[in-house]
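Okay, so here's the structure we're looking at.
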């Protein structure tokens, strides 16, 4: 994914100003910054929820600036939100089945539907295994712990064929155990399935433990970008945001 010069204003408020970003396939990239830095607006521009006033977006080599969110999903981009977007009254299995069927669809011909259902069932079982949710597959999602609900949301994105996953505070509200279980899942998805990850996160231990590159936003602009080591040592970043959050960082 590549973005060049993205700019978005709301009246007199310049929420995002000239932001450029390059996220190579298979990489893990974090966007950090204080509240009001423009992170959520940037994600809305990348996902198609908002259109930029200026600037361009490319997804998988294709111009995507004017594409609506559903078209970007078909290209392979999926986004998770700060608040879980799941069907709480349905089971884990039912949530994932709905997403898989939305992607694959069922043949209009009765004699082919059995084949399609067999494919969906096989894919569903593999996904439950990958997410570590097989034992909870038949429980309503609303009864699960918060961390498991977020994992289901990641599963929904995978069900839709995500190749690039935009994660908005993926570990917000989680316990330490849930946080690091989620980090390990995301790391495995990247390493074993080639998933590209772009995420916003306020937990600096997660950021510096997972990201390969970090973009720091401040007042709608890119303040700095680089490796975790470079960002931790950047005096501008320390002054604007990090302070003593990652003292003595020596790499993960």
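The values are calculated or read from the model by the stated rules, or taken from the named source; none is laboratory data. Since this is a predicted model, take the numbers as computed values, not measurements. All Cβ positions, glycine included, derive from the backbone under ideal geometry; neighbour counts span all protein chains shown.
In table form, for the structure just shown:
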| read-out | value |
| --- | --- |
| Count of residues meeting criterion [in contact with a strand residue (DSSP E or B) (Cβ under 7 Å, 6 or more places away or on another chain), under 20 Å from residue 25 (Cβ atoms) and not in a strand (DSSP E or B)] in region 179-227 | 7 |
| Among (1) in contact with a strand residue (DSSP E or B) (Cβ under 9 Å, 6 or more places away or on another chain); (2) surrounded by fewer than 22 Cβ atoms within 10 Å (Cβ to Cβ); (3) at positive phi - the single one residue 11 does not satisfy | (1) |
| Top-ranked residue in region 52-73 [being out of contact with any strand residue (DSSP E or B) (no Cβ under 7 Å at 6 or more places or on another chain) and in contact (Cβ under 8 Å) with a residue 24 or more places away in the chain; ranked as nearest to residue 167 (Cα to Cα)] | 73 |
| Strands (runs of 3 or more DSSP E) (entirely within region 25-101) containing at least 2 residues that are under 20 Å from residue 7 (Cβ atoms) and either out of contact with any helix residue (DSSP H, G or I) (no Cβ under 8 Å at 6 or more places or on another chain) or outside the structural domain of residue 14 (by TED's automatic domain parsing) (or both) | 54-59 |
| Unique residue being outside the structural domain of residue 36 (by TED's automatic domain parsing) and in contact with a strand residue (DSSP E or B) (Cβ under 8 Å, 6 or more places away or on another chain) when the list is 130, 139 | 139 |
| Among the residues listed as 194, 161, 155, the single one being closer than 30 Å to residue 35 by Cβ and either surrounded by fewer than 15 Cβ atoms within 10 Å (Cβ to Cβ) or in contact with a helix residue (DSSP H, G or I) (Cβ under 9 Å, 6 or more places away or on another chain) (or both) | 155 |
